[in-house]
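Input: a single structure, listed below in structure tokens.
The values are calculated or read from the model by the stated rules, or taken from the named source; none is laboratory data. Given the structure is predicted, the values throughout are model-derived calculations rather than measurements. Cβ placement follows ideal geometry from the backbone for every residue including glycine, while neighbour counts extend to all protein chains displayed. Just the protein is used for accessible areas: all its heavy atoms, side chains included, with ligands, DNA and RNA removed. Shrake-Rupley method; radii C 1.70, N 1.55, O 1.52, S 1.80 Å.
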Amino acid sequence: MKSALLSTLSSLSAILVLAFPASGQGGVAVFAERMLDVRTGELIDDVVVYVDGDEITRIETQRDFGSFELGEGYRAMNLGDVTLMPGLIDCHTHLTGDLEGEWETRNVREGAADAALRGARNAKRTLEAGFTTVRDVGSSGFADIALMKAIDRGFVPGPRMFPAGHTISITGGHGDATGYRPGVLERGVESGIANGPDEVVAAVRYQIKHGAKVIKTTATAGVLSHEGPVGAQQYSFEELKAMVEEAARHGLKVAAHAHGTEGIIAASKAGVASIEHGSVLTDEAIRVMKEHGTYLVPTTYLADSIDLDQLPEMIRAKAESILPTAKESVRSAVAAGVKIAFGTDAAVYPHGLNAREFAAMVERGMTPLATIQSATLAACDLIGVADRGVIEAGKLADLVAVPGNPLEDVSLLQEVLFVMKGGRVEFTRIRKRAH
Ligand SMILES: [Zn+2]
């Protein structure tokens, strides 16, 4: 292919886009009028991001352009008037679940195959919303692991997954199947139900054996389950510590669902990497989390959006009691400088609307840039990966494009126009330019 010579910047918009490549093969030069540097918050005008295979190899900007020659063999892909950003990361999804239909009894009516296929639909929606990586924190029957494999093999479109397998929970706890008569869905360590440090260790080992990349636990009671009260601590410090130590021996981190203060403090002191929800954060809980460097994954848009009318009465009462406090806790955590990573709990509201969390976080006191960093830099730090989350040479070519300036209006992240994952275009609403 003859290289294209561009003598002026203005001709950028006139680049003939030959084709959006069907795979990550070969070189692609992605042009955009703006790119967000998530480290500095700087918007950089007129960028070209070179992608070879699944990797970003070079970035050129306006400054480099005097006379610009597109490298030999590169296909140009002109996205035009968009802001290019790194692929977004949601640290709290359940791709294989949702609240559609009779979700409450689904675990006795459907199996892992149903969940995996449900997950395939949800994974596509999540990816097309701009989320190229998720930490998926709790599924059943290893449907999440099967989904991860199917995505990695290219069978179905979806984000890169860090699945947890089964949530590690006490008998009758938030991760157990509660509300049934004795004999129905009695679970053991294979399904994550574990009591005492020895069983907890066995449960962690079993999840890892079958492909878990993160360990999820329920340190306290929860909302969408038939046990109460919502904030009650369910695992002791000793159990949580055994879990964290066993996970660490395998290089994995622990994400702890925790609403109530005692459970939050115990989990943070035990060394979990993140507190999910963190609904009742006292000054003491915030102090402990800061001291231990524990992330908060707020899942705070839920508090604005959950449809209380669709919940059974007992669960509804729990939701009404905890949600107003949860919002205030996020505000306090933001003000105190607790580390925050982006997570939505998608499943509890429809998959694909993940980006609504950004505006909710801004409403709780974060800057738009801080929310974007929570879904890129901070999310990578929490998950423990350094190969993504920023547009730089050597990183994975996971890119999204949104209209306008998301630093002025973070809700623009709900209008994703283009998604590339590993150099492959997964979704685009941008018309090919050929003028
Ligand atoms: Zn969850």
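Worth pointing out:
- For segment 131-146, the tally of residues that are in contact with a helix residue (DSSP H, G or I) (Cβ under 8 Å, 6 or more places away or on another chain) and more than 16 Å from the ligand (Cβ to nearest atom) stands at 4.
- The single condition from (1) open to solvent by 10 Å² or more (accessible area, probe 1.4 Å); (2) within 16 Å of the ligand (Cβ to nearest atom) that residue 258 fails is (1).
- Residues in segment 261-286 that are buried (at least 24 other Cβ atoms within 10 Å of the Cβ), outside any strand (DSSP E or B) and either within 16 Å of the ligand (Cβ to nearest atom) or of a type outside the set (A, V, I, L, M) (or both): 263, 264, 267, 268, 272, 273, 278, 279.
- Just one of the numbered conditions (1) open to solvent by 30 Å² or more (accessible area, probe 1.4 Å); (2) more than 16 Å from residue 294 (Cα to Cα) is not true of residue 231: (1).
- Checking each residue in segment 287-304 for being part of a helix (DSSP H, G or I) and either open to solvent by less than 10 Å² (accessible area, probe 1.4 Å) or not hydrophobic (A, V, I, L, M, F, W, C) (or both) picks out 287, 288, 289, 290, 291, 292, 301, 304.
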